[in-house]
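Everything below concerns the one structure shown next.
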Amino acid sequence: MFDLLKSELTRRTILHKAGFGLIALSTFGAVGTIFKPTRTLAQAGPAPAKEPLPPEKKLGWAVVGLGKFATQQIIPSFAECKRSKLVALVSSDRTKAKRYAQQYGVNPKNIYNYQNYDSIRDNPEVDVIYVILPNGLHAEYSIRGAQAGKHIMCEKPMANTVEECQAMINAAKKSDRKLMIAYRSQYEPYNLTAIWIAQSGKLGKLKAIASDHGRNLDLKDPADRWRANKKLAGGGSLYDIGIYSLQAARYITGEEPQEISAMMYSTPGDPRFREVEENVNFVLRFPSGVLANCTSSYGYSDTKRIQVFGSDATLELDPATDYYQHRLTIKRKNGNEEQNIEEKNQFALEIDHLSESIMQNKQPKTPGEEGLQDVRLMQLIYEAARTGKTIKV
Ligand code: NAD
C-alpha cells in the first residue's frame, strides 16, 4: 500500500506523508461498515515517538503569551509529549505566570516578561520558543527568539505580511535554528487520513473541494478583541480561520493553486468590522483541474468543514479542524462509510514533531516557507476580492 501511495503522490505530498505513520489506514472494504485499521504505514519523516524520553532528554520549551489558546490547549498538552517538556513562560502578567508555573511544574526562575525576553538566550534549559501572541507580534517575537539562539514554533497565521514572514525565515537561517508554523491539522490523524484517501484514488478522480471555516466574532471575549484590530490581527476572518480552508485545499490536493478569484463582504455598520473583513469566499484552481470553493467568516456560527468531491465518492470531514472529536465519512451512491479513527492529541503531536526534527536535524513538515505561502496566497485572495479580477498566482 505504501509503494502505491508513494507512486501516486506528488513531491509536496511526500512531505505531507511524514505524518502517516501516526495513523492506521483501512482497505475501504464493505460499504457502511465501521473503519477497521488493518495496517499502519511506516513513517517517512521523523520516527514516531513511541516511548517517552526521560525528562532530562526531552527538549525544553518556553511558551510566549499566556492567552486562551496557550493556557487551554497548548500548555496542558505538554503532559502528552514524549520529546518535549515545558520549562519556561513569557508573560506581562507575573501573577498569572506564577500560577501556571506552579500548576505545571515550571521553575519560577524561568518566568520572563516582554522586556527581559531576550535574556532567555542565557538559559540553557530552553531549546525551543513557542510564540502564541496576537498575529501582529509573531514576527517580532520569533525573530528575537531566533536571535537568542532558540528554535521557534510560531502560531498561525505566520505573520501579517510576506516581508515579515521572510524576515522570520532569514533570522532562523542566520541563527541556524529551525522554524516551524503550528499547522496542527497537518499532524492530526483524521486530516492525515483524509489526505491519504483523497490522494490515493479512493474517491476516483478529484474534481472539487469545498471548505468552510467560520465563527461569530465576539468582542466581549478578550481573545477576540485584538482580532478586530488590523495591526494586531493582520486581517479578518481569512487570517484567523479562513486560513484553515486555504490549508485544506492545499494539503488535500498536495498542489499549489494557479488561479484565484474572490469576493468579500462585511455587514455595514457592524463595529466588529471597522478594520477587518467579515466574510471572504474564494475559489482556487489547482494544476490538476481541481477547483476549491472556500468560505471564511466572522459572521456565521461555528463551522469547520472540508468536503472532497471525486468522480466515484465524496469525502466529508465535519468537524474537520476542531481540537477533538472529528468525523470522517465517505459517501457513495450505495451508502455511506463512517471512518472511525483513533483520536490523538494533535498539539502534542505537532510539538513533538518539532522536537524530533531538531533532534534529527531535519526540516519540519510545516516550516516557515509553508506559513509564508499561505500569507502570500491570502494577500492575493484580498487582491482578487478588491479588484474583482481572477489573479494568476
Ligand atoms: P489571546 O488573546 O487569548 O492570547 C494572546 C495573548 O497575548 C494574551 O495572553 C495577551 O495578554 C498577550 N498579548 C501580548 N501583547 C499583546 C497585545 N499587544 N495585545 C493583545 N494581547 C497581547 O488569543 P489566542 O486566541 O490565544 O490567540 C493567540 C495566537 O494563537 C494567535 O496567533 C491565534 O491565531 C493563535 N491560535 C491558534 C489556534 C490553533 O488552533 N492553532 C487556536 C487559537 C489561537
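The values are calculated or read from the model by the stated rules, or taken from the named source; none is laboratory data. Just so it is clear, the structure is predicted and the values come from calculations on it, not from any experiment. Cβ placement follows ideal geometry from the backbone for every residue including glycine, while neighbour counts extend to all protein chains displayed. With ligands, DNA and RNA removed, areas are computed over all heavy atoms of the protein, side chains included. Shrake-Rupley method; radii C 1.70, N 1.55, O 1.52, S 1.80 Å.
Annotations
- Any hit, the stretch 303-322, residues being at pLDDT below 95, over 21 Å from residue 158 (Cα atoms) and not basic (Lys, Arg): no
- Selection within the stretch 157-166 - out of contact with any Leu (no Cβ under 7 Å at 6 or more places or on another chain), in a helix (DSSP H, G or I) and crowded, with 17+ Cβ neighbours inside 10 Å: 164
- Once the stretch 125-163 is narrowed to residues that are within 23 Å of residue 244 (Cα to Cα) and free of Cβ contacts under 8 Å to residues at least 60 places away in the same chain, the residue that is nearest to the ligand (Cβ to nearest atom) is 138.
- Flag for residue 265 being without any contact (Cβ under 8 Å) to a residue 40 or more places away in the chain, open to solvent by 30 Å² or more (accessible area, probe 1.4 Å), over 26 Å from residue 313 (Cβ atoms) and in contact with a strand residue (DSSP E or B) (Cβ under 6 Å, 6 or more places away or on another chain): yes
- Residue within the stretch 384-393 that is in contact with a Pro (Cβ under 8 Å, 6 or more places away or on another chain) and in contact (Cβ under 8 Å) with a residue 40 or more places away in the chain present: yes
- The set of residues in the stretch 314-339 being assigned to a loop (DSSP other than H, G, I, E, B), farther than 24 Å from residue 227 by Cα and in contact with a helix residue (DSSP H, G or I) (Cβ under 9 Å, 6 or more places away or on another chain) consists of 326, 327.
- Any hit, the stretch 281-300, residues being closer than 26 Å to residue 338 by Cα and open to solvent by 40 Å² or more (accessible area, probe 1.4 Å): yes
- Residues being closer than 17 Å to residue 176 by Cβ, in contact with a helix residue (DSSP H, G or I) (Cβ under 6 Å, 6 or more places away or on another chain) and part of a loop (DSSP other than H, G, I, E, B) - total across the stretch 101-155: 3
- Any pair with Cβ under 9 angstrom, 6 or more apart, that starts in the stretch 67-84 at a residue that is closer than 13 Å to residue 323 by Cβ and within 8 Å of the ligand (Cβ to nearest atom) and ends at one that is open to solvent by 20 Å² or more (accessible area, probe 1.4 Å) and acidic (Asp, Glu): 68/221
- Count - residues of the stretch 120-141 that are of a type outside the set (Asp, Glu) and open to solvent by 50 Å² or more (accessible area, probe 1.4 Å): 3
- Selection over the stretch 340-378 of residues that are touching a helix residue (DSSP H, G or I) at 6+ places or on another chain (Cβ under 9 Å) and not in a helix (DSSP H, G or I) gives a count of 11.
- Those residues of the stretch 200-226 which are away from the ligand (no atom under 15 Å from the Cβ), surrounded by 23 or more Cβ atoms within 10 Å (Cβ to Cβ) and not aliphatic (A, V, I, L, M), in sequence order: 211, 212
- Residue match in the stretch 227-245 (condition: away from the ligand (no atom under 16 Å from the Cβ), out of contact with any Lys or Arg (no Cβ under 9 Å at 6 or more places or on another chain) and either outside the structural domain of residue 136 (by TED's automatic domain parsing) or not basic (Lys, Arg) (or both)): no
- Residue list for the stretch 87-102, restricted to those being within 16 Å of the ligand (Cβ to nearest atom) and open to solvent by 20 Å² or more (accessible area, probe 1.4 Å): 92, 93, 94, 95, 96, 98, 99, 100
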